[in-house]
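Participant: I have a structure here, written as structure tokens, and I will follow up with some questions on it.
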Amino acid sequence: MRRVKEGGESLLIIKGVVYDMSTWKNRHPGGKSVIEAGIGTDCTDKFISMHPPYAYSYLQSVKKVGYLKD
């Protein structure tokens, strides 16, 4: 994920899946700073604790980029 931080993309990891939040961060109800703070990191615990189940479903269908490799 080092490349992500240097490239300016807004990629987050949730449950081992990489999501591109670049177009969503400015519309995020909690503010873009919440997403920017998690760029390039595993945000699974924070995401689950702060969002209802339907938010994860939306994320799965719209923003998925790929899977994190070990």
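Participant: Which condition number in (1) buried (at least 17 other Cβ atoms within 10 Å of the Cβ); (2) out of contact with any Gly (no Cβ under 7 Å at 6 or more places or on another chain); (3) not in a loop (DSSP other than H, G, I, E, B) is the one that G40 fails?
Facilitator: Going through the list (1) buried (at least 17 other Cβ atoms within 10 Å of the Cβ); (2) out of contact with any Gly (no Cβ under 7 Å at 6 or more places or on another chain); (3) not in a loop (DSSP other than H, G, I, E, B), G40 breaks only (3).
Participant: Something else now. Are there any pairs with C-beta distances below 8 angstrom linking a residue in region 56-70 that is at pLDDT 85 or above to a residue that is part of a loop (DSSP other than H, G, I, E, B), with the two at least 6 apart or on different chains, and if so which?
Facilitator: Y67/G16
Participant: Then there is this: Are any of the residues in region 11-18 open to solvent by 20 Å² or more (accessible area, probe 1.4 Å) and modelled with pLDDT of 90 or more?
Facilitator: Within region 11-18, one or more residues are open to solvent by 20 Å² or more (accessible area, probe 1.4 Å) and modelled with pLDDT of 90 or more.
The values are calculated or read from the model by the stated rules, or taken from the named source; none is laboratory data. Note that this is a predicted model, so its numbers are computed, not measured. Glycine also receives a Cβ, built like all others from the backbone with ideal geometry; neighbour counts cover every protein chain displayed. SASA here: full protein model, heavy atoms, side chains in, ligands and nucleic acids out. Shrake-Rupley method; radii C 1.70, N 1.55, O 1.52, S 1.80 Å.
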